[in-house]
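The values are calculated or read from the model by the stated rules, or taken from the named source; none is laboratory data. The structure displayed is predicted, hence computed values, not measured ones. No Cβ is skipped: glycine too gets one built from the backbone with ideal geometry, and neighbour counts run over all protein chains shown. Accessible surface is based on the protein model in full, side chains and every heavy atom, while ligands, DNA and RNA are left aside. Shrake-Rupley method; radii C 1.70, N 1.55, O 1.52, S 1.80 Å.
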Amino acid sequence: MSGKNIREKGIQSLLFLSGTVAVVALFLLCIFLFREGILLFEDYPVSSFLTNTKWFPTASPPIFGLLPLLLGSLIVTAGAIMFSVPLGIAAAIYISELANPRISSILKPVTEILAGIPSVVFGFFGLVILAPVVQRTLEIPTGQTALTGSIMLGIMALPTIISISEDAISSVPRSIKEGSLALGSTKWQTIYRVTVPAALSGISAAVMLGIGRAIGETMTVMMVTGNSAVIPGFPSGLFAPVRTMTATIALEMGEVPQGSDHFHALFAVGSVLFITTFIINILANYVKRRYRFNL
Amino acid sequence: MPDNFANGTEIEVTNLNLWYGENHALHDISINIPKNSVTAFIGPSGCGKSTFLRCLNRMNDLITSCRTEGNVGINGQAIYTKDVDVVDLRKRVGMVFQKPNPFPMSIYDNVAYGPRIHGAKKNAIDGIVEDALKAGALWGEVSDRLNSPALDLSGGQQQRLCIARTLAVKPEVILFDEPCSALDPISTSKIEDLILELKKNYTIVIVTHNMQQAARISDYTAFFLLGDLIEFGKTEQIFESPKEKATEDYITGRFG
Amino acid sequence: MFSNAKLNEKIAFALLKVATGLVVAFVLVILYYIIYNGYSAINLEFITDMPRNRMTEGGIYPAIMGTTYLIIGSMAVALPLGILSAIYLTEYAQPGRTTWAIEMAINNLAGTPSVVFGLFGLAMFVKYLGFGPSIISASLTLALLILPVIIRASQEALLTVPKEYREASLALGVTKWETIRRVVLPAAIPGMVTGAILSIGRVAGETAPILLTGAAYFLPRLPDSVYSQFMALPYHLYVLATSGTNIAQTRPIQYGTALILLTIVLCVNLVAVSVRSHYRSKMRR
């Protein structure tokens, strides 16, 4: 082999090593996260972690029940999705099918601004502006409620939902839309009976990734949901403070001694969070790939 | 130019001009298209034949930079006036496209799509679908799997499905925009047979880049060049004794 | 029946318009409140002074510097790694199990909550590698967080380079790597820059990961090494807004901090978008 070839081979191996960096990172992430999390179960039974309805980490003996946190995350996310999905899909349809090109070229960057705003700024806005509004409107003791969190998270999930749905809708082949119009259907009939169904896989992926974004969001919910670790009722729980998995980790990690049960419990909560978003991601990518158009 | 047709006139076009932005794509086209016959538009690519075809059901409206002047009448009714409902027009003037474009749904739903949209009664739809698929010469091949996805069909079957889908809306005119350009010879001949069958009940206009196809199936032929209608007449006349030099050059394969 | 379809269409389109209008309204309302309340707090001292009097007065200089260190640190790690990884994926990788695994890992990293990255950084860099809560721990954590962004943007940039360029160079007897280095990379640089800039915005705004890996509530002086703790803009805003010494009285400082943070992130995004559109229009020609 000539020197040139050896060099090529060497570079190729180096590039391969860098190529695998994402896999290595994900692998290490799993190891470190789970290792610290599992240590909790040397002292504390898994069954209690999964089924106990209380999270009292500083009581003696401490109680590390996942349920209030998990349900807290779920109620806030559910609330967020309930309004951001219809809103996001509607905006995506408008941008890709109705607005004239000049207007969509303004609308797209405007929605991208939402994606760029740091979560702590959303949290700050929610805390200072939205929470008082919620409190006054609903006449409840505090504006820091699951609902406030849902509204902020919904807004934050919008850019994900809009941009991926918009992609899916505009990748529906023009020929199919023309086929429908040529049969004498109106533009709207074409949109909701042909275009949107054809883009459904992409739209569902968008919704799932939106859910993933909302469930994993930390700073915003921590600043606006009031953080009380009780199992929320539904729908009454929307109007009371809740505490999510993410907020628990961020709030309590600063005050726990490294290596304590509480420390490991937070890693266990983190592991649950990670597994949840991992599953959502896998599903989203599967759905997205499944019905690609090849016309 | 012939205008006394045995079955009467279906489409009357007078002084039609069309621009894409600054580009003047069709110049002063006037033509009468006969009822219940097959009329073919031929010409080299870029001659405006497809553009013209899409004027007949106003599909060009979808292109924002596109502007038309002149009159087009279908069965005596002008279609470029303000009060015309484009949606209603397209119901009357169906279109089959270059590449088969079935919707990503089942075979049945593809054919049922039009009737459902136009408010056909639920219990009538089965019958409409069956009739349309029979008329589209596809029934025998798909009657046992109406609920399987349309995208599983072969290219030729997909195109016949698209024809059946158009028939289900019961149009008066069917426009074919190079319907066989993406198909193999066997599928092509099936579609040609089908078109000959359909002309008994419908007025057919077909754009084709294949002169043999025009000669085989059409009764009348129009030759387009660079946005002008050069010559229009009975197909035998166009192919055997063209009046214009340009037509003869094209027919004999000197350009195009 | 027919007028019905028309009416439905009118109603539906109106609703779509209203929904889109709402989305735009959210953006405008949030920007309005932060800018309107924030700009009066901002002056030169606010940017160049240390916080004073238990953070109720003075500026946010150390937080700005801390965020700058994080940007430099995380980019220094993630940018080369991400670009090399993207080169491997677009130029060398064959479809197969390895490539599938890499793609899957990138997608999952991109969708992993930032607080989980924080936990990971805490367990690996702070605890296991013994870096302690520090600039280096936080930078490495953030580097992993932005890795997928950089890889994706670089991949996209590499894919827009026409195949003909590569073939032309290879046909001249130039090796694959030399072709990539001399022909492909120069053409892809603007796209890669876009990705890099976008991830700067991300680093500047992330709070949860640095909260767990070394951000400090308050420091009397600037950090003196990469192993020091640090202040950072987003965490500073969080602290002031939720657990400062006098939350109500320091509202102007909070708004000012939020505005500075927002300005940095939005400017960065604006630059990225204009680089991208400039580059795209050039490619079309």
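When its C-alpha radius of gyration is set against 2.2 N^0.38 Å (N residues), chain A gives a value of 1.22. When the surface is traced with a 1.4 Å probe over the full set of protein chains, B:E236 keeps roughly 100 Å² accessible.
For chain B, what is the mean residue ellipticity at 222 nm derived from helices alone (per DSSP H run of n ≥ 4: -39500 (n - 2.57); sum divided by total residues; nearest 500 deg cm²/dmol)? Each step should come with its number before you reach the end.
On the way: 10 runs with 90 residues, N = 256.
It comes out at -10000 deg cm²/dmol, rounded to the nearest 500.
Summing both sides, the accessible surface hidden between A and B at a 1.4 Å probe radius is close to 1800 Å². A:V128 contributes an accessible area of around 30 Å² to the protein surface, as traced by a 1.4 Å probe with all chains present.
Averaging over all projection directions, the Cα-based convex hull of chain C occupies 22.5 nm² in the image plane.
Bridgeable aspartates and glutamates around A:K177 (alpha carbons under 15 Å apart, same-chain partners fewer than 8 residues away excluded): A:E97, B:D61.
For the chain pair C and A, the buried solvent-accessible surface (1.4 Å probe, both sides summed) amounts to about 6900 Å².
Separation of the alpha carbons by more than 25 angstrom is noted, of B:K200/B:K245; B:K35/B:K234; B:K122/B:K170; A:K288/C:K6, for B:K200/B:K245; A:K288/C:K6. Extension gain for A:Q135 to A:S236 (0.36 nm times residue separation, less C-alpha to C-alpha distance): 34.9 nm.
Can you compute the charge dipole magnitude of the stretch B:9-251 about its Cα centre, using +1 on each Lys and Arg Cβ and -1 on each Asp and Glu Cβ, nothing else charged? Give it in debye, rounded to the nearest 20.
Values: 25 positive and 31 negative charges, 137 e Å.
Approximately 660 debye in magnitude.
Rg and Dmax over the alpha-carbon atoms of the stretch C:220-281 stand at 16.5, 52 Å. Note on B:R92: accessible area is roughly 50 Å² with a 1.4 Å probe, heavy atoms of protein only. Within the protein assembly as shown, antiparallel bridges make up roughly 60 percent of the DSSP beta bridges whose residues both belong there. Spacing of the modelled spin labels on C:L22 and B:S181, each 7 Å from Cα toward Cβ, amounts to 4.4 nm.
Around the amide H of A:W55, modelled in the peptide plane, lie the amide H atoms of A:G65, all under 5 Å away and 5 or more residues distant in sequence or on another chain.
Here the label points at A:S105 and C:L159, each 7 Å from Cα along the C-beta direction, are separated by 2.3 nm in the simple model. Protein-only accessible surface at a 1.4 angstrom probe places the residues A:L26, C:L22, C:L159 in the order C:L159, C:L22, A:L26, largest first.
With the other protein chains left in place, how much accessible area per residue, in square angstrom, belongs to the stretch C:42-284 at a 1.4 angstrom probe? Please list the in-between numbers first.
On the way: 9860 Å² over 243 residues.
Per-residue accessible area for the stretch C:42-284 comes out at 41 Å².
For the stretch B:9-251, the share of accessible area belonging to carbon and sulfur comes to 48 percent (1.4 Å probe, ligands and nucleic acids excluded).
Just want to confirm a number: the relative contact order over the stretch B:9-251, from Cα pairs under 8 angstrom separated by 6+ residues, in percent.
Working: 466 pairs, mean separation 69.3, N = 243.
Averaging sequence separation for qualifying contacts and normalising by length gives 29 percent for the stretch B:9-251.
Accessible surface of the stretch A:46-290, 1.4 Å probe: 65 percent of it comes from carbon and sulfur atoms. Could you give log10 I(q)/I(0) at q = 0.27 Å⁻¹ for the stretch A:184-242, computed by the Debye formula over C-alpha point scatterers of equal weight, without solvent? Taking Cα atoms of the stretch A:184-242 as identical point scatterers yields -1.07. Dimensions of the stretch A:1-105 along the principal axes, based on C-alpha atoms and rounded to the nearest Å, stand at 70, 54, 19, largest first. On the basis of the beta-carbon distance and an R0 of 35 Å, C:V29 and C:R52 show a calculated FRET efficiency of 0.60.
Evaluated at q = 0.05, 0.07, 0.08 Å⁻¹, the base-10 log of the normalised Debye intensity for the protein assembly as shown, with identical point scatterers placed on the Cα atoms, takes the values -0.37, -0.68, -0.83.
Using unit Cβ charges (K, R positive; D, E negative) and no other charged atoms, how large, in debye to the nearest 20, is the dipole of the stretch C:42-284 about its Cα centre? Could you put the intermediate results ahead of the total?
Working: 17 positive and 11 negative charges, 74 e Å.
Dipole size: approximately 360 debye.
Each listed q (0.14 Å⁻¹) maps to a log10 I(q)/I(0) for the stretch B:65-181 from the Debye sum over equal C-alpha point scatterers, namely -0.62.
Is it possible to state the helix-based mean residue ellipticity at 222 nm for chain C, with each DSSP H run of 4+ residues giving -39500 (n - 2.57), the sum divided by total residues, to the nearest 500 deg cm²/dmol? What is it? Intermediate values should be presented prior to the final figure.
Numbers: 12 runs with 202 residues, N = 285.
One gets -23500 deg cm²/dmol as the mean residue ellipticity at 222 nm.
Under a 5 Å amide H cut-off, with hydrogens placed 1.01 Å from N, C:Y217 pairs with nothing among residues at least 5 apart or on other chains. Converting phi to 3J(HN,Hα) with the Karplus coefficients 6.51, -1.76 and 1.60 and the offset θ = phi - 60°, the stretch C:113-129 yields x, 5, 5, 5, 4, x, 4, 4, x, 4, 6, 8, 7, 5, 8, 5, 7 Hz in sequence order, with x at every glycine or proline. With all protein chains kept in place, the per residue accessible area of chain A amounts to 40 square angstrom at a probe of 1.4 angstrom. Ligands, DNA and RNA left out, the accessible area of chain C computed with a 1.4 Å probe is 64% carbon and sulfur. Each part reduced to its alpha carbon centroid, the stretch A:70-91 and the stretch C:191-211 end up 25 Å apart. Normalised by residue count, the stretch C:185-241 yields a Cα convex hull volume of 111 Å³ per residue.
Here is the interface size for C with B: some 400 Å² of accessible area buried, both sides summed, with a 1.4 Å probe.
Using a 1.4 angstrom probe on the protein heavy atoms only, could you order B:I251, B:I217 from most to least accessible area?
Values: B:I251 35, B:I217 5 Å².
Solvent-accessible surface, decreasing: B:I251, B:I217.
As a ratio to 2.2 N^0.38 Å, the alpha-carbon radius of gyration computed for the stretch C:177-285 takes the value 1.47. Among B:K91, B:K121, the sequence by solvent-accessible area, most first, with a 1.4 Å probe is B:K121, B:K91.
Computed over the stretch B:9-251, the P(r) curve from all C-alpha pair distances, binned at 5 Å from the origin, holds 1, 6, 14, 18, 19, 16, 12, 8, 4, 1, 0, 0 percent per bin.
Applied to the stretch C:191-202, the Karplus parametrisation 6.51 cos²θ - 1.76 cosθ + 1.60 on θ = phi - 60° returns per-residue 3J(HN,Hα) values of x, 5, 4, 3, x, 4, 5, 4, 6, 4, x, 5 Hz, with x for Gly and Pro. Can you work out the PRE-style zone for B:D152? Point 7 Å along Cα to Cβ, and I want the residues of the stretch B:101-116 with backbone N under 20 Å. Under cut-off, by backbone N: B:101-113.
Between A:D43 and B:Q212, what FRET efficiency comes out of the Förster formula 1/(1 + (r/R0)^6) with R0 = 60 Å and r the beta carbon distance, rounded to 0.05? Please report the intermediate quantities before stating the final value.
On the way: r = 86 Å, r/R0 = 1.43.
After rounding to 0.05, the efficiency reads 0.10.
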